[in-house]
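Please read through the structure below; I'll follow up with questions.
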Ligand code: WT7
């Protein structure tokens, strides 16, 4: 049985070598709050190489909102991730790559990675990419995805990585919104033995993107693909023509580094904009402290570079610290459920960072696939992306880590750039399911519905009261949306969209989103996005999408669909709707359930009562709440009658 009140102190083996103990954490945390300018200046000096120092450490105002860190300073991110390591770590492995098939591996030393980045950076320049231009990266998990990101940073181009699982239409929207002039992609990706037609998807997306002048195509599978003369160029041909010396651009600390699209509760995904100095500092520093990173660690974050976790904790944080970072092309259950643990043994992985959904899926396969591997190299475990239930936490801790490796439950968001609430291996007693305490400089608070701050033990909406270096600076091209989304609910505070509880030890327990954002297998989706896709179908009058609790995925997608009058539902139509969502967004947005609804529960003013729809989807029929204020309370009974039990 799971003891929900268990507390796990710092293991002695960890305490012996950890960078920080509990007292260090408390002292440093206090200093980071009382003297943020002094604290961050020290950290910036320690973790980052600057070409020119800053005039001012920070300058922010959440009312405007305006956020600036290290203004006046100059630096280059690819220099920080590569050049500065060459003297002492030139031959050290920067990237260990493992392909979809077990044992298919490649390694790149820091020197080799540096050369690859310089060549591609020059190649991009030859194709007319300049400082400030946007480059879209739509790649499988191969080292060249990281090379592409770093090549952009080298010449001051702003990358926008789009997850390889997104559909042509989703790719098109993101390329258009950022007005990208070049796309870097591959012929195909391979995941779990399945091919993903990245080049064909790109061709389809680009039908409506006249601004794209060049498509660079990396050959992953050598599959035959369509070729547009003058627009398309082979990655290897491009870099073969390019010089391997490429002096990095000197970038301002507040120059944009990348755009990454993420879902909100309304409208289309927004382009989260991160800038150069603050972001790379946050990524490097959190990677160092949260994973208690040491020079000889072999570090593996299982995310995809298409998500912020891949940006900060596969590429930027580890490489800024001169670490060996593992990149994996495949999935946890291919060819079987031992894959991850065999990789841990094969590469001698010491730090392993994954998502609760992967842990739950592997837990279902039982202990045997884990126990037949050694895993004795493991030192630190981490999770990110969604709340981790104590059962999964315990299995991860006891079976995977043999009760020896502390589990870092890290809470953060695309918007925060880096980890915000987290244990530190040598400093924090662990409670399964709690992200524990704020990282340096982070000031979380809980608010009630009326905007009053709650003190002590409490549950409420999670806000952050002061800026941190890795904070997003704006929504690309729409500062008003930035202000509205994050700074209007609680004036003077950044609103996270999450709910949380704080216990008597001051530990935070994230309870999940309080807005209309879904978290499906750690992938963030807006209910509005799925609804917009569904109503594109000519027979659909209205759609309402909610999440429901799912054992493996965390949340599943439950869609209520009303048809135009005179239209009758049938299984073929259901399939058409599913295909439509996959086409508009991608397979990750596939609804688990589509329920035909004659009517939706609405207030008299016409607002859909999602609260009721969520309760029906979750089969929590005793707690529907007051339905008497609905325009037509009878629709609720009908929806309950026709409720579909998710598989
Ligand atoms: C949302 C952000 C940050 C990288 C991955 C997701 C949820 C994230 C945790 C955690 C509970 C978590 C939140 C957050 N979340 N980490 N440790 N415990 N919930 O980034 O796609 O921007 O999603 O993920 O709900 O708001 P993202």
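The values are calculated or read from the model by the stated rules, or taken from the named source; none is laboratory data. For clarity, every value in this text was computed on a predicted model and none was experimentally measured. Cβ placement follows ideal geometry from the backbone for every residue including glycine, while neighbour counts extend to all protein chains displayed.
Given the conditions (1) within 12 Å of the ligand (Cβ to nearest atom); (2) surrounded by fewer than 22 Cβ atoms within 10 Å (Cβ to Cβ), which single one is not true for residue 388?
(2)
To keep it simple, each residue is scored yes or no on (1) assigned to a loop (DSSP other than H, G, I, E, B); (2) under 30 Å from residue 276 (Cβ atoms); (3) within 16 Å of the ligand (Cβ to nearest atom).
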site: 341; (1), (2), (3): no, no, no
site: 345; (1), (2), (3): no, no, no
site: 373; (1), (2), (3): yes, no, no
site: 383; (1), (2), (3): no, yes, yes
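In contact with a strand residue (DSSP E or B) (Cβ under 7 Å, 6 or more places away or on another chain), crowded, with 18+ Cβ neighbours inside 10 Å, touching a residue at least 12 places away in the same chain (Cβ under 8 Å) and within 19 Å of residue 567 (Cβ to Cβ) - does that describe any residue in region 606-619?
Within region 606-619 (the criterion being in contact with a strand residue (DSSP E or B) (Cβ under 7 Å, 6 or more places away or on another chain), crowded, with 18+ Cβ neighbours inside 10 Å, touching a residue at least 12 places away in the same chain (Cβ under 8 Å) and within 19 Å of residue 567 (Cβ to Cβ)), the answer is no, since none of the residues qualifies.
If you check 436, 414, which single one turns out to be crowded, with 19+ Cβ neighbours inside 10 Å, within 12 Å of the ligand (Cβ to nearest atom), under 30 Å from residue 178 (Cα atoms) and under 24 Å from the mean Cα position of the chain (by Cα)? Give the steps one after another, and end with the answer.
Details: 436 fails: under 30 Å from residue 178 (Cα atoms).
Going through 436, 414 in turn, just one is crowded, with 19+ Cβ neighbours inside 10 Å, within 12 Å of the ligand (Cβ to nearest atom), under 30 Å from residue 178 (Cα atoms) and under 24 Å from the mean Cα position of the chain (by Cα): 414.
Given the criterion closer than 25 Å to residue 310 by Cβ and within 12 Å of the ligand (Cβ to nearest atom), identify the matching residue among 486, 476.
Values: 476 fails: within 12 Å of the ligand (Cβ to nearest atom).
Answer to the selection: 486.
Looking at this structure, is residue 50 at pLDDT 95 or above and part of a loop (DSSP other than H, G, I, E, B)? If you could, list the steps in order and put the result at the bottom.
On the way: at pLDDT 95 or above: yes; part of a loop (DSSP other than H, G, I, E, B): yes.
Spelling it out, residue 50 is indeed at pLDDT 95 or above and part of a loop (DSSP other than H, G, I, E, B).
Do we find a residue being touching a helix residue (DSSP H, G or I) at 6+ places or on another chain (Cβ under 7 Å), within 9 Å of the ligand (Cβ to nearest atom), assigned to a strand (DSSP E or B) and at pLDDT below 95 anywhere in region 500-517?
no
On the given criteria, is residue 622 more than 25 Å from the chain's Cα centre (by Cα), free of Cβ contacts under 8 Å to residues at least 12 places away in the same chain and assigned to a loop (DSSP other than H, G, I, E, B)?
no
Scan region 291-306 and give yes if some residue there is assigned to a helix (DSSP H, G or I) and either away from the ligand (no atom under 16 Å from the Cβ) or in contact with a strand residue (DSSP E or B) (Cβ under 7 Å, 6 or more places away or on another chain) (or both), otherwise no.
Within region 291-306, not a single residue is assigned to a helix (DSSP H, G or I) and either away from the ligand (no atom under 16 Å from the Cβ) or in contact with a strand residue (DSSP E or B) (Cβ under 7 Å, 6 or more places away or on another chain) (or both).
So which of 496, 485 ends up being in contact with a strand residue (DSSP E or B) (Cβ under 9 Å, 6 or more places away or on another chain), within 29 Å of residue 255 (Cα to Cα), outside any helix (DSSP H, G or I) and modelled with pLDDT of 95 or more? Steps first, answer last, please.
Numbers: 485 fails: outside any helix (DSSP H, G or I).
Answer to the check: 496.
Right, another one. Taking residue 490 as the residue in question, decide whether it is at pLDDT 95 or above, in contact with a strand residue (DSSP E or B) (Cβ under 8 Å, 6 or more places away or on another chain), part of a helix (DSSP H, G or I) and under 27 Å from residue 259 (Cβ atoms). Please lay out each step first, then the result.
Numbers: at pLDDT 95 or above: yes; in contact with a strand residue (DSSP E or B) (Cβ under 8 Å, 6 or more places away or on another chain): yes; part of a helix (DSSP H, G or I): no; under 27 Å from residue 259 (Cβ atoms): yes.
Against the criterion (at pLDDT 95 or above, in contact with a strand residue (DSSP E or B) (Cβ under 8 Å, 6 or more places away or on another chain), part of a helix (DSSP H, G or I) and under 27 Å from residue 259 (Cβ atoms)), residue 490 does not qualify.
Output the residue which, of all residues in region 394-404 that are in contact with a helix residue (DSSP H, G or I) (Cβ under 8 Å, 6 or more places away or on another chain) and touching a residue at least 40 places away in the same chain (Cβ under 8 Å), is farthest from the ligand (Cβ to nearest atom).
404
Is it true that residue 554 is on the phi > 0 side of the Ramachandran plot, surrounded by 17 or more Cβ atoms within 10 Å (Cβ to Cβ) and touching a residue at least 12 places away in the same chain (Cβ under 8 Å)?
Yes; evaluated as a whole, the condition is true for this residue.
If you scan region 201-218, which residues turn out to be assigned to a loop (DSSP other than H, G, I, E, B) and either out of contact with any strand residue (DSSP E or B) (no Cβ under 7 Å at 6 or more places or on another chain) or surrounded by 16 or more Cβ atoms within 10 Å (Cβ to Cβ) (or both)?
Correct list: 207, 208, 209, 210, 211, 212.
Another question, if that's okay. Assuming residue 223 fulfils every condition listed in (1) touching a strand residue (DSSP E or B) at 6+ places or on another chain (Cβ under 9 Å); (2) free of Cβ contacts under 8 Å to residues at least 60 places away in the same chain; (3) part of a helix (DSSP H, G or I) apart from one, which condition is it?
(3)
Does region 352-365 contain at least one residue that is farther than 17 Å from residue 288 by Cα and free of Cβ contacts under 8 Å to residues at least 24 places away in the same chain?
No, the conditions are met nowhere in region 352-365.
Table: residues versus (1) within 16 Å of the ligand (Cβ to nearest atom); (2) in contact with a strand residue (DSSP E or B) (Cβ under 8 Å, 6 or more places away or on another chain); (3) assigned to a strand (DSSP E or B); (4) modelled with pLDDT of 95 or more.
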residue: 327; (1), (2), (3), (4): no, yes, yes, yes
residue: 331; (1), (2), (3), (4): no, yes, no, yes
residue: 359; (1), (2), (3), (4): yes, yes, no, yes
residue: 366; (1), (2), (3), (4): no, no, no, yes
residue: 370; (1), (2), (3), (4): no, no, no, yes
residue: 376; (1), (2), (3), (4): no, no, no, yes
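Which residue pairs have Cβ atoms under 6 Å apart, sit 6 or more places apart or on different chains, and have a first residue in region 485-510 that is over 15 Å from residue 64 (Cβ atoms) and a second that is within 11 Å of the ligand (Cβ to nearest atom) and in a loop (DSSP other than H, G, I, E, B)?
497/515; 499/514; 507/434; 508/435; 509/434; 510/387; 510/435
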